[in-house]
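What follows is a single structure, written as structure tokens, with notes after it.
The values are calculated or read from the model by the stated rules, or taken from the named source; none is laboratory data. All figures in this text were calculated on a predicted structure; none of them were measured in a lab. FYI the Cβ positions are ideal-geometry reconstructions off the backbone, even for glycines, and counts take in every protein chain you see.
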Amino acid sequence: MTLFLALIPALAQDAPAEQPAPTADSAEELPIIEGPQILEYIEAEWPPGTKEAGEEAVVKLLIELDETGEVANLEVVEAAGKGFDEAAVDAVLAMKFAPARTEAGPVSVVFEFAYGFRFEEEEPEVEAPKPVNLEGRIREMGTRNELEGINVVIDGTDLLTKTGPDGRFELRGVPLGDATIRLISPDHITLEKTVEVVEGEVTIVDLWIRSTSYRDNEIVGVYERKREEVTRRTISMEEIRRIPGTFGDPIKVIQTLPGAARSPFGTGLLIIRGSNPEDSGVYVDGVRLPIIYHLTGTTSVLSPELVESVDYLPGGYGVQYGRSMGGVVDVKTKRKFSEQGRMIWGTDILDSQVFFEGQLGNKKKPDGPKHQIAVGARRSYIDLFIPLFTRNTQFQIKPYYTDYQVKYIAPLPSNQHFSAFFYGFQDTLKVSTPDDFAQGPDADTQGSLRTKYASQRVVVNYENDLSDKLTLSLTPNIGVDYSSFGLGDEFALDSRNVVGGVRSELRFTPVQGVEIIPGIDFMGGSWWFDFRSAVRFSDLDDPLAEREPVGFDGRGSFWSPDAYLKANLRPLGDDRLLITPGVRLQAYTLFQGGEVSDGQKLSVTNFQADPRVLARWEFIKGNTIKAATGFYQQPPQPQESIGLGRVSAVGYERAWSSSLGFEQQLSPSIKWDIDLFYKDFDNLIVFNEQWTGFGTDPFVNGGDGRAYGMEIMARHEPTGRFFGWVSYTLSRSERRDAPDQDVYLFDFDQTHIFSAQAGYDLPADFGLSAQFQYVTGNPDTPFNAGIYDADADFYNGFSTGPRNTTRLPAFFQTSLRFDKLWTFKTWQLETYVDLLNTVRGVNPEFRLYNYDYSQSAFVRGLPFIPNIGLEAKFWL
Amino acid sequence: MRYPLHRATLFLCISSLSACVINNNKFTRPRDLEDSWSVTKPRLLAVQAVPAEPRPGEVVSFRALLADPNGEIESILWIACPSPDDGGTGFGCIADSEEVIGLQPLQQPIYTTPLDLLDGLDERARQEGRYVLVQVTGLPPLDLTEPEIDFENIDFNEVEAGYKRIIISEATTPNNNPALLGTTADGADLPPGSVLEVDPGQDYDIGVILDDRTIEEYLYLTREGFVEQRTEEPYVTWYATAGEVAEPYTLYPFLEATWTAPEEPGTEGTLWAVARDRRGGQDWLEINFRVR
């Protein structure tokens, strides 16, 4: 296991070395309890001529230390030149270190190390101590942190000291009169302050210094947890926030990673390794969400400030994830909030949000237990702007969304964790036209269009390291989903679900290298819907049919008590070789009643087993082969599984998925990987051509297909000032609706998907990042002609060619982001300009035909969008 | 500490070039697609059957509104064939047509409905009736003196084809076609056959006068066996060879549409209004115009 540590204080060559400081606790179950220690410090040889010239220097190094304390890799990240770099490298390589440790034992770490070349101070003459006449406190601007280890120098004297843990210092015998205090720190901008020292008095100062780069403070840690999945890509929040075109949303960044196809109009649909959007699962702290994006598709339903990491698993994942054939996106919220309370307010052209996090404890017991809490809320205001453009008409479009979150973490011993998380969101869209405007010739399709979706969840999480061999986790949750759709007075569909579940897992290590993990993933709840329509489905093709309104409701419940068993086998005793066999037992039972069942109480039960095996082998340090194979089965969507007056015969869809890959860590900050995948689909749910209405199933398990391809990614970790990655996917995905029908390209098949993004920290807290995307156009079925229906008064288009035999033009987009961070004593202000689609490519999203299909035009995607925003952070 | 400013400078230069807004117009835009009300080529706009809802064994005559602003259509072929049970049209009457019922201008379309079409159906189904499809195809100049016309080798991209459903039933209140009595412009009646003189670029409210007596009340037997009295809800579709129509559809009682006259003086053209009663009945009128 390799861990990255945050920047550590510089080491002065003339002083005993300070120990590298470990990070705050990670969000994972294995935090660092002891950082790496210097056992034997080696003084470097000064480069020739530099000491005589009085030259001092600081060389910053990136050191990878393995589990035995040996230096596995060493990289100069900020060079001083003149031979100082080489001298520092030689000295560090000769040093002896003790490795960092977690509760599980020594682990490898990567950390920054500043080696200083400074002259020793001359020993002062022993004399009677003079009284303290200057003292003060040094704090950091923005964070208000009290800074330890800051060098305090009085100009023109030999007086020098360092601040203590509380940021305080004191000096004796400062000459009377004006004294210039100089504060020196490798991580802060040097500050000079002149004060007057008066005889018989103690001059007290309260000084603020500015960090050289506040962005480093936001990187709590970028680490790789225990690698149980074959392909898991984890991106830090700092990277996520700075990718242009994603509006700072952590989940939108998924679409820049290999295996994820581009979604139309940037709507955020997750199309992973040739699977349908509904085939992939999105989890928040282990609980699956029905939708993850607001209706604009630009932002997810969670505040980015609550998100600690987003794991993207395009395939080859273990049995703890089920009910999906596609990929998995696992969002983890923070498990620790800022000790120093902070409040954030952010706004851009789409929405405005506020966020607060902090720890609450007894002020009289500063080291006592602390309750942690975070609260966030967001509201869009597009609906306030659009009327400005439509005020001269009676047309109105009102999209609106909001989301809210509250999370509490209890103060428990370090081997336990308890949190309660409540969150919810609501999306509404209303489109209305003037009363005298005909929305087509059909009298039943007049009126306002309205759609609404809302969801709330409560998730409780409890974890306990019962012993060094046994860990328990328990996550009960409950929630409600509500949706509503209506057109005028004639069409309406309302539904409501109450959903609950329990996730629980035991991790048992009977012997070293063997971890047994049984788990349950239970979901259940009740549902209800009401449907009203002015026309029956069977009359849709007949414009002369006398219309009889149809309406029916349905209600019922569903239960899905999935269970799984997997093992993590480490034959070599460590993570170099990991084999994970597992099996997931899946089942669901659907009860239905109401008018949709023609008054009957019906039930259907289906169950399946998914065996899977994953393996990773680091055969040479930094070089890993990975492979996975197994079954991934998915129950029908709710609308597919409800029988109309009968028990639905629709069952699980199935995919057999395999992958083979290779990863290489070229340096502590650069890695690349390649994956080959193949998926075979069967039992796919398709529309029933023999459907005749009530009493027959509208859907059947009649389809099959396959998807295969290659994914490549090269990444520079966010260390130093630069981060970025390049990803490329070459793939093909096909479907067939019945064995006797032709194979056609999947509707979102994209042969080439290329994405490159990079960011660079400029001086003075400016930032610049860019993104470039090239994607093959989606398949398209051209219509050749139209025949006029004189009764319906429209043309029926028809194609004489197979489905999806042509393609839309390729997608091409470049986006830029500029940001600037201002830091004041107690708050920070970040402003940014996010230029989406700076090169205004055409980027057709779909083909639109004229009335008789004799002409066509492309409906273009997002135009050039300048998103201007600001975010203010206050430390309390 | 040294900052690689040269890298940032290069980045900014590239970014500046990338930030140029390039307006790419190589693809047709949706707004450039021809509107449904625009008639610039042969178009079948309506088909009327008389009677609108015949009984088995009854003789039906037809007329079609096939707008042909450039005189490209020389003949109209009429074919009748069975209809799919769902009321759809499938691919219409193609190739293996059962019956050619007309070839205008040589033969006016006449069709005798099958006497046994409703045999074997119950009372409700006989009242509801069954469909027969009539396909109407406007053909370019053909050598009609040939003893046989090779219809299978006609290029259908050069023809205008459409179809109409004929409901053959024993309904107690069979449908009748709506009747348009006249046209108006800005509220004033237009004499039949007159030419409307318009000013360039001006808006006019073009209307039709619908005989309210043809808005029928009829009886409908629901699936559950109840008899309901219903009233037709007709609508009008508007077409023009030039100018611009603001509302392609108007729903009864709104029987006027705003039309903007062409800008070019001397332009001549035609407006059509087609009324449909949603039960298969159709009627139409046309207005010829000239821009001053």
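Just one of the listed residues (A:813, A:757) is over 30 Å from residue A:541 (Cβ atoms), touching a helix residue (DSSP H, G or I) at 6+ places or on another chain (Cβ under 7 Å) and crowded, with 19+ Cβ neighbours inside 10 Å, and it is A:757. The condition (being of a type in the set (Phe, Trp, Tyr), in a strand (DSSP E or B) and under 25 Å from residue A:713 (Cα atoms)) is satisfied by just one residue among A:760, A:788, A:832, A:795: A:760.
Looking across B:247, B:263, one residue alone is free of Cβ contacts under 8 Å to residues at least 24 places away in the same chain and surrounded by fewer than 20 Cβ atoms within 10 Å (Cβ to Cβ). It is B:247.
The set of residues in the range A:836-856 being more than 7 Å from every other protein chain (Cβ to nearest Cβ), of a type outside the set (S, T, N, Q) and not in a loop (DSSP other than H, G, I, E, B) consists of A:836, A:845, A:846, A:847, A:849.
Taken over the range A:857-876, the criterion of being within 9 Å of another protein chain (Cβ to nearest Cβ) and surrounded by fewer than 18 Cβ atoms within 10 Å (Cβ to Cβ) is satisfied by A:857, A:859, A:864.
Scanning the range B:229-248 for residues that are in contact with a Ser or Thr (Cβ under 6 Å, 6 or more places away or on another chain) and either within 11 Å of chain A (Cβ to nearest Cβ) or of a type in the set (Lys, Arg) (or both) turns up B:236, B:246, B:248.
Taken together, B:52, B:46 contain a single residue that is small (Gly, Ala, Ser), in a loop (DSSP other than H, G, I, E, B), crowded, with 16+ Cβ neighbours inside 10 Å and at pLDDT 90 or above, which is B:52. Taking the range A:542-628 as the region of interest, the strands (runs of 3 or more DSSP E) fully inside it that hold 2 or more residues being away from every other protein chain (no Cβ under 14 Å) and charged (D, E, K, R) are A:550-569, A:602-620.
Does residue B:179 count as crowded, with 20+ Cβ neighbours inside 10 Å and either small (Gly, Ala, Ser) or in contact with a Ser or Thr (Cβ under 8 Å, 6 or more places away or on another chain) (or both)? Judged against the criteria, residue B:179 is not a match. Only one of the listed residues (A:395, A:418) is at negative phi, more than 21 Å from the chain's Cα centre (by Cα) and at pLDDT 90 or above. That residue is A:418. Of all residues in the range A:608-637, those being within 20 Å of residue A:588 (Cα to Cα), crowded, with 16+ Cβ neighbours inside 10 Å and not charged (D, E, K, R) number 7.
Among the residues of this structure, residue A:225 counts as one that is modelled with pLDDT under 65, of a type outside the set (Ser, Thr, Tyr) and farther than 20 Å from residue A:867 by Cα. Based on what the data block shows, is residue B:145 modelled with pLDDT under 90, more than 30 Å from residue B:214 (Cα to Cα) and of a type in the set (Ser, Thr, Tyr)? Judged against the criteria, residue B:145 is a match. Per the conditions (1) in contact with an Asp or Glu (Cβ under 9 Å, 6 or more places away or on another chain); (2) at pLDDT 95 or above; (3) surrounded by fewer than 21 Cβ atoms within 10 Å (Cβ to Cβ), the sole criterion not satisfied by residue A:720 is (2). Being in contact (Cβ under 8 Å) with a residue 40 or more places away in the chain and in contact with a helix residue (DSSP H, G or I) (Cβ under 8 Å, 6 or more places away or on another chain) is a property that holds for residue A:324. So is residue A:506 among the aliphatic types (A, V, I, L, M), over 20 Å from residue A:289 (Cβ atoms), touching a residue at least 12 places away in the same chain (Cβ under 8 Å) and not in a strand (DSSP E or B) or not? The answer is no for residue A:506. Do we have residue B:251 as at pLDDT 95 or above, closer than 30 Å to residue B:167 by Cβ and of a type outside the set (S, T, N, Q) here? When the stated conditions are applied, residue B:251 does not pass them. Taken over the range A:293-302, the criterion of being buried (at least 24 other Cβ atoms within 10 Å of the Cβ) and either free of Cβ contacts under 8 Å to residues at least 12 places away in the same chain or in a loop (DSSP other than H, G, I, E, B) (or both) is satisfied by A:294, A:298, A:299, A:301.
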